[in-house]
Structures are given as structure tokens and as C-alpha cells.
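Each remark here refers to the structure printed beneath this line.
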Amino acid sequence: MRFGYARVSTRDQSTDHQIDALAAAEVAEENMFIEKVSGKLSSRPKLDLMLDKLRAGDEVVVTRLKRIGRSQQHLLELVRWFGEHEVDFIVLEQGIDTSTPGGRLVFHFLAALAEYDREMIVEGTMDGLAAARSRGRVGGRPPALTQRQLDQAQRMYDAGEHTVAEIAETFRVGRTTLYRQLHAYKDGGDCALVVYRNTRTRKIDADTSRRYGETGAGEKVQL
């Protein structure tokens, strides 16, 4: 079956042009999914409904790429999903038809350019951060407590004459912030060992239904 998707960003805009183009491409009216939402919104009920109806061998037709993708990454994910489910993708005004070898080649080239663009942005950002660090600029939010304040807070905490709430009020920080700063105090007195296990293990905890070692955090955060 051939399905069509049309979208405009505001309720004042008309989808007539897109609907006419989809009809000319032999998309039945009952298989058209029309949405009036911003292109940047992640919630697209009509798109999700259409994806649920797709089966192997079906075709998805849009007038332009920007109508269905909210970002380059989202568009690549959609096309990858279409490929995995054997669904063809047709973009009328940009000459893309993944049911043909030439169409697949063009779209893969566009996808490669988008991935290259993303990688260049990431590489430029990392180079900029490295250059800033080499000049002593680490960026980010300044610490809530100076080293002198932290030393004084640690002495008050070790003396046991003040509660954490009282110490936090003295330095005008939250209790959570104070705890985090004190735990980071490099006097060798307090040490915590955190062990992250393999998150890909297939062992399941019968009580919690969680995989052993599952943290919900990415590799960078774990390290």
C-alpha cells in the first residue's frame, strides 16, 4: 500500500498543495496522514499512527524531506527504520525514490553528507574545548564554594558542632551542593568505590526485572 504524510508548521498554513501532490502520486485519501505541528516538535501523533500501519512492501510518500523529518538525525533514523522494515520512501519534489537503485544511491549520498556535517560540528566543538583547556579555561558553571570556603566548611563538618543544614545556610548553598562538595574534598579521609558492571548482560533480576549492572547511564558518564 502507498501512504502519504503531509505537515505544515502552523494552523494558518494550508496543506492543499501537499494533498494535491500526494493524490497525483496515487495516494488514496484514507491513507493520507495530515499534521499541523511545528517541525521541531518531537510529538507527532499522525506520523506515529502511520508508522504503526506500515508493513513490508508499503511505500511512504512526502512532498519534501522537511515535511517528515524534524532534524537530520530524526530523518536518518526514519530512513533507517524504513529500510529495516522493507518500506520504500518517496520524496516527490526532490526526486528521491528508494524503490529504485538510483533513488537509494541519491538518498544514501544525502545521508552521508548529513552525517559528515554532524561529525564536523562535533569535531569543531571538541577542538574548541581542547584549545580552551590548553589556555586554562575549563568552562562550565563556576564552583559553588571557593577552596577557602570549602576548607572552612570541612572543618565545621569534621568538628561535629554544626548540622549540615546550618553549614549550608552559612555559605548560602543547598544541602545537596554541600554534600557533593564535601565528598569531593581531597583530604584522603573519605573514599567511595563505584563499580559499573556490563549493561549488556542478559541476566535479569527476578524481583526488579532489571538487568544486573544496569545503570541507565552512558559510557561517558560511567567512566
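The values are calculated or read from the model by the stated rules, or taken from the named source; none is laboratory data. No experiment lies behind these values; they were computed from the predicted model shown. Cβ atoms come from the backbone with ideal geometry, glycine included; neighbour counts cover every protein chain shown.
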Residue in the stretch 142-162 that is surrounded by the most Cβ atoms within 10 Å (Cβ to Cβ), counting only those that are among the aliphatic types (A, V, I, L, M) and assigned to a helix (DSSP H, G or I) | Ala153
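Rundown of residues vs (1) touching a Cys at 6+ places or on another chain (Cβ under 9 Å); (2) crowded, with 17+ Cβ neighbours inside 10 Å; (3) modelled with pLDDT of 90 or more, yes/no style:
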{"site": "Ala6", "(1), (2), (3)": "no, yes, yes"}
{"site": "Ala23", "(1), (2), (3)": "no, no, yes"}
{"site": "Val27", "(1), (2), (3)": "no, yes, yes"}
{"site": "Gly39", "(1), (2), (3)": "no, no, no"}
{"site": "Ser43", "(1), (2), (3)": "no, no, no"}
{"site": "Gly57", "(1), (2), (3)": "no, no, yes"}
Filter the stretch 1-18 for residues that are farther than 12 Å from Val62 by Cβ and either outside the structural domain of Glu93 (by TED's automatic domain parsing) or among the aliphatic types (A, V, I, L, M) (or both) and give the result.
-> Met1, Val8
Read through the list (1) more than 30 Å from Leu92 (Cβ to Cβ); (2) modelled with pLDDT of 65 or more; (3) exposed (fewer than 13 other Cβ atoms within 10 Å of the Cβ), then give the number of the only condition that Leu113 fails.
-> (1)
Looking at (1) buried (at least 19 other Cβ atoms within 10 Å of the Cβ); (2) touching a strand residue (DSSP E or B) at 6+ places or on another chain (Cβ under 7 Å), can you tell me which one Leu78 breaks?
-> (2)
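Would you mind finding the one in Arg67, Arg55, Arg7 that is basic (Lys, Arg) and in a strand (DSSP E or B)?
Values: Arg67 fails: in a strand (DSSP E or B); Arg55 fails: in a strand (DSSP E or B).
It is Arg7.
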The stretch 166-180, residues that are out of contact with any helix residue (DSSP H, G or I) (no Cβ under 6 Å at 6 or more places or on another chain) and either touching a residue at least 12 places away in the same chain (Cβ under 8 Å) or not in a loop (DSSP other than H, G, I, E, B) (or both) = Glu166, Glu169, Thr170, Val173, Thr176, Thr177, Tyr179, Arg180
